[in-house]
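The values are calculated or read from the model by the stated rules, or taken from the named source; none is laboratory data. Computed from a predicted structure; not experimentally measured. Don't worry about glycine lacking a Cβ; one is built from the backbone with ideal geometry, like all the others, and counts go over all protein chains shown.
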Amino acid sequence: MLFADIKPETRGTRHRAGAPGDNQHTEKKGMASTTTNTIFMTKKCHNCLTSMPVAARRCPECKKKVGDVDKLGFAKKPVQWVAYITTLVWFQAFCFFVWWAFLKT
Ligand SMILES: [Zn+2]
């Protein structure tokens with residue numbers, strides 16, 4: 001997903017001057033497409049707003065896991081797969097219970 005955001009911009013700027021600030025005038029979409037993770041040197045924790053290096057995987061202040069930097073310079077929340085899978089399993093168990101208790105003939 002990130003690479004899809006970056007590719008059109010790099011394709012548009014490489015054959016021109018190539019300066020990082022130059023694409024603000026050449027991009028059609030304006031500010032939204034000029035800010036990618038290639039520009040940011042730091043990112044902010046989604047939990048405590050502490051600045052940290054872009055490469056950091058974990059917040060130095062609150063020790064929470066952080067993802068890549070987004071367009072606004074904030075670290076994305078990593079997907080909590082354990083929570084999703086646990087919810088799915090228990091929802092299926094609940095559906096089975098409803099079928100077993102009320103719908104089974
Ligand atoms: Zn934090």
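General observations
- Subset tally (residues that are without any contact (Cβ under 8 Å) to a residue 60 or more places away in the chain and not in a strand (DSSP E or B)) for the stretch 43-70: 19
- Single residue of F96, F74, F102 found to be surrounded by 12 or more Cβ atoms within 10 Å (Cβ to Cβ), at pLDDT 90 or above and aromatic (F, W, Y): F74
- Conditions (1) surrounded by 10 or more Cβ atoms within 10 Å (Cβ to Cβ); (2) hydroxyl-bearing (S, T, Y); (3) part of a loop (DSSP other than H, G, I, E, B): number failed by T86: (3)
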